[in-house]
Amino acid sequence: MIFSFLLVFEGNLIAQRNCGTMAFDSVRRVEYSLPSLEDFENWLNEKMTQDTRLKSDQVYRIPVIVHVVHNGENPGEGANISYEQVVSQIQVLNEDFRRMQGTRGYNDDAAGADTGIEFYLAEYGPDGEDLGEPGIDRVYGGRDSWPSSPLRNPIETVLKPSTIWDPNRYFNIWTVNFGGFVSRNLLGYAQFPDMSGLDGLSDTNGSASTDGVVIGYQYFGSSDKGDFPDLYAPFDLGRTTTHEVGHWLGLRHIWGDGDCSVDDYCNDTPNAAEPNYGCPEGKISCNSIDMINNYLDYTDDPCMNIFTNCQKERMLTVLENSPRRKELVVNNINAIPEEPDITIHIYMSGKLLHVEIPPSQGYLSLEIISIDGRRLTTREKLLNTYNTVDLNYLPSGIYIVAFTDGTRYFTQKIILK
Ligand SMILES: [Zn+2]
């Protein structure tokens, strides 16, 4: 009898989801003297009011780099998770964010949204180099486990700043082993987006070196899609990452991290008194049925299947306005929406690119993007009417030239022979 009691006790310890986003966020705001989360909400609300464009047809594709942090294990063992496990997580993200039919991410709720946001594993490194394993950066972390406390955590102070890839070009995810297995039940945490455009406030303010999400490797990927023995049920279907990516794009917990008097700033997610655990169908709090299948609750992985229209709107507003988030989208040619309304003449002679810019335009910045959407060069400012750009350092092939004047982006395909 005692034995079975102990089993139940251990089960209770591990069976409760805990997300560290709010705790890490409050520490970060103090350390970097950042505006409050309330300031962020005001900023986001203003942007949502201003932005009247219909975004429903737009697909946003986000390149991902997963820093697999290990302690010397072979790839595929322990914290050094396999490429296949990483792929299974990206599949789950796409199923959930696109509300794909025939997957666990589908729902037919009237409030449910296909967010139009997709994720893909980056194929090229920061210098344009081919990655042996797309989207994976294996990092020797030099320790068995990483603390789960937000205070002076070496994940924040050392690991992230020393391994992050340019957050304007990559969405950074770190998988780690959080201190010990139970580790206060911490499954993962995200860094909220920053706001922009306030006088005197830098867009970078220290946050750029830690931007991304951190997930315990036992919760990264899906048991549905392969044999990954370290994945830990009931958090073994990839929903921890879906939840954290929601935070990374500005979503709040649906109970608002408080009682019935606080909200998650979305009217289509009923107020809830507290987080829900397990999968308590039909649970009523705050005089309405809790949306326990929302990705931003604390329910178990098999229970979750919905982002709402309001959550979608918040995430897209962040993607279009927040520092680093908007850059990620701009860096993807599939997400460039607008036709140019100025005329730029370009032509090739060998590998020399000639660009003629209307004098009225002032200047344009130019960069070269690979055919599958990776930025290959840093931005080069073209100040003259007639400009020549030497592309001899690039191998032959098809490329995209992307121009911007700071507010508009447009592209042209070129062939280097
Ligand atoms: Zn959370």
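The values are calculated or read from the model by the stated rules, or taken from the named source; none is laboratory data. Worth saying up front: this structure is predicted, and the values here are computed from it rather than measured. Using ideal geometry, Cβ is built from the backbone for each residue, glycine included, and neighbour counts are taken over all protein chains shown. Heads up: the accessible areas ignore ligands, DNA and RNA and are worked out on the full protein's heavy atoms, side chains in. Shrake-Rupley method; radii C 1.70, N 1.55, O 1.52, S 1.80 Å.
In this structure, the pairs whose alpha-carbon distance is over 31 Å, taken from K381/K417; K160/K413; K47/K381, are K160/K413.
Where Lys and Arg each count +1 and Asp and Glu each count -1, what net charge lies around Y298 among other residues with Cβ under 10 Å from its Cβ? Net charge around Y298: -2. For the chain, the alpha carbon positions stretch 83, 49, 45 Å along the principal axes, listed from largest to smallest. What a 1.4 Å probe finds exposed on segment 82-168 is 45% carbon and sulfur by accessible area, rounded to a whole percent.
When only the heavy atoms of the protein chains count and the probe is 1.4 Å, how do L249, L383, L131 rank by accessible area, highest first?
Details: L249 0, L383 115, L131 30 Å².
Most to least solvent-accessible, the answer reads L383, L131, L249.
Applying the Karplus relation 6.51 cos²θ - 1.76 cosθ + 1.60 with θ = phi - 60° to segment 86-95 yields 3J(HN,Hα) values of 5, 4, 4, 6, 5, 4, 4, 4, 5, 4 Hz, where x marks Gly and Pro.
If I ignore ligands, DNA and RNA and count only protein heavy atoms, how much of I289 is accessible to a 1.4 Å probe, in Å² to the nearest 10? It works out to around 100 Å². Residue by residue, segment 296-311 carries 3J(HN,Hα) couplings of 9, 8, 10, 6, 6, 3, x, 7, 8, 7, 9, 9, 9, 4, 5, 4 Hz when phi is fed to the Karplus relation 6.51 cos²θ - 1.76 cosθ + 1.60 (θ = phi - 60°); x denotes Gly or Pro.
In the full protein context, the chain carries 43 Å² of accessible surface per residue, based on a 1.4 Å probe and ignoring ligands, DNA and RNA. By the rule of a second cysteine Cβ within less than 4.7 angstrom, the chain holds isolated cysteines at C19.
Rolling a 1.4 Å probe across all protein chains gives S33 an accessible area of roughly 100 Å². Taking amide H as placed 1.01 Å from N in the peptide plane, H67 has its amide H under 5 Å from the amide H of D137, I173, W174, T175, each at least 5 places away in sequence or on another chain. Remark: segment 230-235, residue by residue, has Karplus-estimated 3J(HN,Hα) of 7, 5, 10, 6, x, 10 Hz, where x stands for each Gly or Pro and the curve is 6.51 cos²θ - 1.76 cosθ + 1.60 at θ = phi - 60°. Summarising the label geometry, the points placed 7 Å from Cα in the beta-carbon direction at C286 and T378 lie 4.7 nm from one another. Taking 0.36 nm per residue of separation and subtracting the Cα-Cα distance, full extension of the segment from M100 to Q16 would add 27.5 nm. Taking the Cα centre of each part, how many Å lie between segment 225-287 and segment 81-159? Here the answer is 18 Å between Cα centres. Per-residue SASA remark: I284, around 120 Å² accessible (1.4 Å probe; ligands, DNA and RNA not included).
Extension gain for L151-E129 works out to 4.3 nm (0.36 nm per residue, less the C-alpha to C-alpha distance).
Restricting to bridges with both residues inside the chain, how much of the DSSP beta-bridge set is antiparallel, in percent to the nearest 5?
60
Here is the list for segment 110-198: trypsin sites (Lys or Arg not before Pro) lying in DSSP coil, each with at most 13 other C-beta atoms within 10 angstrom of its C-beta, are R152.
Summing charges over neighbours of P234, with a neighbour being any other residue whose Cβ is under 10 Å away from its Cβ, gives -1 when K and R count +1 and D and E count -1. Entry note, the chain: the mean residue ellipticity at 222 nm calculated from DSSP H runs of n ≥ 4, each adding -39500 (n - 2.57), is -6000 deg cm²/dmol after division by the residues and rounding to the nearest 500.
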